[in-house]
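Working notes, beginning with the structure itself.
Just so you know, all these numbers are worked out from the coordinates, no wet-lab data involved. It should be emphasised that the depicted structure is a prediction, and the values quoted were computed from it without experimental measurement. Backbone-built Cβ (ideal geometry, glycine too); neighbour counts: all protein chains shown.
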Amino acid sequence: MTTIPRQMQRSGAQRRARESTAARITGSSRAVSSLYIHVPFCVKKCNYCDFFSVPFDESTAFAYTDALCRELKMKAHLAGSIETVYIGGGTPSLLPHACLSRLFRTLQRSYTLSETAEVTIETNPGTISGATIDLLLSRGVNRISVGVQSFDDAELRLLGRIHTADDATRTLSFLRKSGFNTISLDLMFGIPGQTLDSWRTSLARCLECAPTHLSCYELTLEEGTPFWNSVQKPPEDAIVDMYVHACDFCEHYGYGQYEISNFALSGHRCVHNLNYWRRGEYIGAGAGAHSFVGDTRSRNVRDIRSYIRHLAEGVAPEVDSAMLSPVESAREFLFLGLRTTDGIRIRDADALGLDLLRAAEELREGGFLEMRGTVLRMTRRGFAVSTAVLVHLLQNLGL
Ligand code: SF4
């Protein structure tokens, strides 16, 4: 489901790359170690979703897989030893077995996967069979991310999800028994009609499923979705209470926070997403996928027919491509670095010519930012209102 990764889109922090003429993939070789693969098929569109996804159709899935494999081969020269692969969507577990097998064959033949590579796939409750799980495990997938969103059936119906809370519990128990050691679960707060009590219940029920990783995102009302202008989220202070409760809950049960919205048991942080937040390079493949290679962010065409046509003609499917200016790089360095609990090293900011200590003074006094040794990071209070904190900090820096 993401990149510039979905995580950044969710926060509203994504900046759009400038339109440019269709870009060709650079001929130079690099050693990128992260790979994102977008599979844009879903059973049905959810009411809040603005990710690039379309209803599943078998013949399109086969044609799409063919194009995807062509693009993966085309970009293989950019890769070094691959440490992380993230297959997102959409609901990639909907792909027919022949398509999944072909995709993994292409990965094995065209890329060198490190022995310890983290290989993640996204799925949704009720959309994955035992046979698919066996296939994924046999191809080296070792991490699965499940879009549960809520354990309240009324909230799930409002969101337009196709599953119930019990479906989610069954899927998660099935995944655990099948041998997945790393299971991540997505939950959402700020849903219209949601209360602190129903949020508490969702978190408590999620614990019964024993995930190793939790992502708790605030719902964003996106233009162009059925939710836009038609529903109202709970009041801002209620949403802050939900966020703070999620942080307390996770801390209590041993899920360490490592990013605004992400919590993990020891040893289960998502290495792929950490690479995004550390501004590491990544190759994106698939319709609508983003890449970051060198100083250039680029995006593939967000239309399946056009994507398939580009690849059939041997043309790179990138439509937006922009080399970041020093100011843009500095902004990214700040808004990505401050998302993580690792924060930002002052000497890295100095190297970019940013007087971060001075700019952060007021926010530190207000309890939104703090110094830990030589690192500046957000406090929990800061995380709860992170967008406002970042805007303020960028203003102080004149960025
Ligand atoms: S399942 Fe995920 S990607 Fe698909 S429509 Fe729903 S939110 Fe969007």
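In percent, rounded to a whole number, the relative contact order of the chain is 18, using alpha-carbon pairs under 8 Å and six or more apart.
For the chain, what does the helix formula give at 222 nm: sum of -39500 (n - 2.57) over DSSP H segments with n ≥ 4, over the residue count, nearest 500 deg cm²/dmol?
Working: 15 runs with 158 residues, N = 399.
Estimated from H runs of four or more residues: -12000 deg cm²/dmol.
Here segment 33-86 is treated as an ellipsoid with the same Cα gyration tensor; its semi-axes, largest first and in whole Å, are 26, 15, 7. For segment 120-275, averaging the sequence separation of C-alpha pairs within contact (under 8 Å, six or more residues apart) and dividing by the residue count gives a relative contact order of 20 percent.
Between the C-alpha center of segment 154-182 and that of segment 209-266 there is a gap of 17 Å.
Extents of segment 253-399, taken as max minus min of Cα coordinates on every principal axis and listed largest first, are 57, 41, 24 Å.
Here the Kirkwood formula, the inverse mean of 1/r across different C-alpha pairs, assigns the chain a hydrodynamic radius of 21.7 Å.
Unpaired cysteine residues in the chain (no second Cys Cβ under 4.7 Å): C42, C69, C99, C206, C209, C216, C247, C250, C270. Among S298, S173, S93, the residue with the largest mean-square fluctuation in a Gaussian network model of the chain, with springs joining Cα atoms closer than 10 Å, is S173.
Residue-wise HN-Hα couplings along segment 226-238, as the Karplus relation 6.51 cos²θ - 1.76 cosθ + 1.60 with θ = phi - 60° gives them from phi, are x, 6, 4, 6, 10, 10, 10, 6, x, x, 4, 5, 5 Hz; Gly and Pro carry x. Each DSSP beta bridge with both residues in segment 6-277 is either parallel or antiparallel, and the antiparallel ones are about 15%. The shape of segment 148-299 can be summarised by an equivalent ellipsoid whose semi-axes, obtained from the alpha carbon gyration tensor, come to 26, 22, 17 Å from longest to shortest.
Can you tell me, using C-alpha contacts under 8 Å and at least 6 residues apart, the relative contact order of segment 326-397 as a whole percent?
Working: 71 pairs, mean separation 23.7, N = 72.
Answer for segment 326-397 is 33 percent.
Residues E122, E332, ranked from the fewest to the most other C-beta atoms within 10 Å, line up as E332, E122.
Applying a DSSP loop filter and a limit of 16 other Cβ atoms within 10 Å to the chymotrypsin sites (Phe, Trp or Tyr not before Pro) in segment 172-234 leaves W228. Residues whose amide H lies under 5 Å from that of V54, counting only those 5 or more places away or on a different chain, are F41, C42; hydrogens are built 1.01 Å from N in the peptide plane. Remark: segment 6-277 carries a charge dipole of roughly 1200 debye about the Cα centre, counting +1 on each Lys and Arg Cβ and -1 on each Asp and Glu Cβ.
Ordered by the number of other Cβ atoms lying within 10 Å of each residue's own Cβ, fewest first, I121, I183 fall into the sequence I183, I121.
Fewest-first ordering of F249, F368 by other beta carbons within 10 Å of each residue's beta carbon gives F249, F368.
Multiplying each eigenvalue of the alpha-carbon gyration tensor of segment 326-397 by 5 and taking the square root yields semi-axes of 17, 13, 11 Å, largest first, rounded to whole angstroms.
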